[in-house]
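The values are calculated or read from the model by the stated rules, or taken from the named source; none is laboratory data. Just so you know, these numbers come straight off a predicted model, no measurement behind them. Cβ coordinates were reconstructed from backbone atoms using ideal geometry, including for glycine residues, and neighbour counts include every protein chain displayed. The accessibility values were calculated without ligands, DNA or RNA, using every heavy atom of the protein model including side chains. Shrake-Rupley method; radii C 1.70, N 1.55, O 1.52, S 1.80 Å.
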Amino acid sequence: MTPVDGGRLAEVTFRRPTEADYERVVRVVDDWWDGRALHVLLPRLWFQHFTGTSWLAETTDGELAGFLVGFVSPDDPGVAYCHMIASNPNGRRSRVARRLYERFFEDARAAGCHEVHAITWPGNRVSVAFHRSLGFVADDGPGSQNLYGTPALAGYDYGTEDRVHFVRKL
Ligand SMILES: CC(C)(COP(=O)(O)OP(=O)(O)OC[C@H]1O[C@@H](n2cnc3c(N)ncnc32)[C@H](O)[C@@H]1OP(=O)(O)O)[C@@H](O)C(=O)NCCC(=O)NCCS
């Protein structure tokens, strides 16, 4: 990936993913999440049934620059949920992920949503800073406690995994 504009990537295009993109995306997940085995969170179904509310970013030479997988909640149509978002480590701080979320916010608004939700591990300080910079607020309501400096819910997933529950008003 070629950095331009003082290290920031200007030449990135955005499009909907298709099922044909699945393998190239799932292949990078563990690396992009610093070696955590998170590819298990991305089975093929995400590229079969959620492509209409997901986004892919590519450089002009076709290299994967980032992706966002999200959906509008079937149970609460006023809420859109981002399941995974990441950008290529060689192109971080180029506003790729911000631009992915901006497109997802537009999808959510167009669908009539009033909030976007996302969860992240409180120890993922970059993700916490990133979400806050986009206007997400950590749920500090009942059951939350300060974990790694952020209001978070202990044992939120599987009874063992702590999570920050972020909400961003549209
Ligand atoms: C979190 C992540 C998606 C951010 O992607 P990115 O393309 O580098 O983010 P952007 O360039 O759009 O940054 C937008 C803003 O977020 C904040 N931010 C991003 N990276 C940051 C960092 N390392 N430290 C502090 N703030 C940061 C900044 O406010 C930034 O704006 P600025 O560059 O104008 O100051 C990326 O680091 C990543 O893919 N991490 C691994 C996957 C992950 O943890 N995903 C989130 C949980 S699902």
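Against the condition open to solvent by 20 Å² or more (accessible area, probe 1.4 Å), at pLDDT 95 or above and β-branched (Val, Ile, Thr), how does Val72 come out, does it pass?
yes
Against the definition (surrounded by 15 or more Cβ atoms within 10 Å (Cβ to Cβ), at negative phi and among the hydroxyl-bearing types (Ser, Thr, Tyr)), how does Ser133 come out, yes or no?
no
Name every residue in region 88-110 that is loosely packed, with under 15 Cβ neighbours inside 10 Å, within 12 Å of the ligand (Cβ to nearest atom) and over 15 Å from the mean Cα position of the chain (by Cα), in order of residue number.
Asn90
Could you please let me know if Gly155 is open to solvent by less than 30 Å² (accessible area, probe 1.4 Å), away from the ligand (no atom under 13 Å from the Cβ), modelled with pLDDT of 95 or more and out of contact with any strand residue (DSSP E or B) (no Cβ under 8 Å at 6 or more places or on another chain)?
When the stated conditions are applied, Gly155 does not pass them.
Checking the condition in a helix (DSSP H, G or I) and either in contact with a His (Cβ under 9 Å, 6 or more places away or on another chain) or farther than 20 Å from Phe67 by Cβ (or both), which residue from Arg98, Arg132 passes?
Arg132
Output yes when any residue across region 116-127 is surrounded by 19 or more Cβ atoms within 10 Å (Cβ to Cβ) and either among the basic types (Lys, Arg) or free of Cβ contacts under 8 Å to residues at least 40 places away in the same chain (or both), and no when none is.
yes
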